[in-house]
Amino acid sequence: MGTGANRDTSVLIKDTFKQAINSLAKDYKGSSLTDIFIMVDKESGEVAFYDDEENKISEIVVFNWVNKADELTDETIISVLREVTKQLDDEGMFSSLDLFKPFSVNYADETFVVMEELLLISEDTAIKIDDDLMGKLDRDFYEFLDKLLKE
């Protein structure tokens, strides 16, 4: 399997993943989206995308992966899926979804057991300083300055 084949595979999977995201953005059936599962059937070459309610939302047959069960390792699949997922994240594709964080994209087996977490979007970790705290710090600072100037 040359790198050209891998690149084509990535493009196919990425396009299919975009379709999955677009369909989730339009009509996700659940209440809040926390996961997308990606399953790969190494016999049929099928790459399928599921929402967290276990509904199939998109699928494609990757011909380079048909009947490759012996040589197609989970590591290979994970590296392709992770690269595609990262590209989509870099392009801001997941921001179109009504995500419930932490949100993850997972490579899973046929029973939805997660074999690898490909992406995790967790709560914004920036510390939000509330106005109240800022006001208190201002007061403390001015009181301190006041004392200093009086000495």
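Descriptive notes on the structure:
- Lysine pairs in region 3-124 with Cα atoms under 13 Å, if 8 or more residues apart or on separate chains: 5
- Taking only the Cα atoms of region 1-105, the ratio Rg/Rh comes out at 0.97, with Rh defined as the Kirkwood radius.
- Taking every C-alpha pair closer than 8 Å and separated by at least 6 residues, the mean separation divided by the residue count of region 3-124 gives a relative contact order of 28 percent.
Every read-out reported here was derived from the displayed coordinates using simple, explicitly stated rules and does not represent laboratory data. Since we're looking at a predicted model, the values are computed, not measured.
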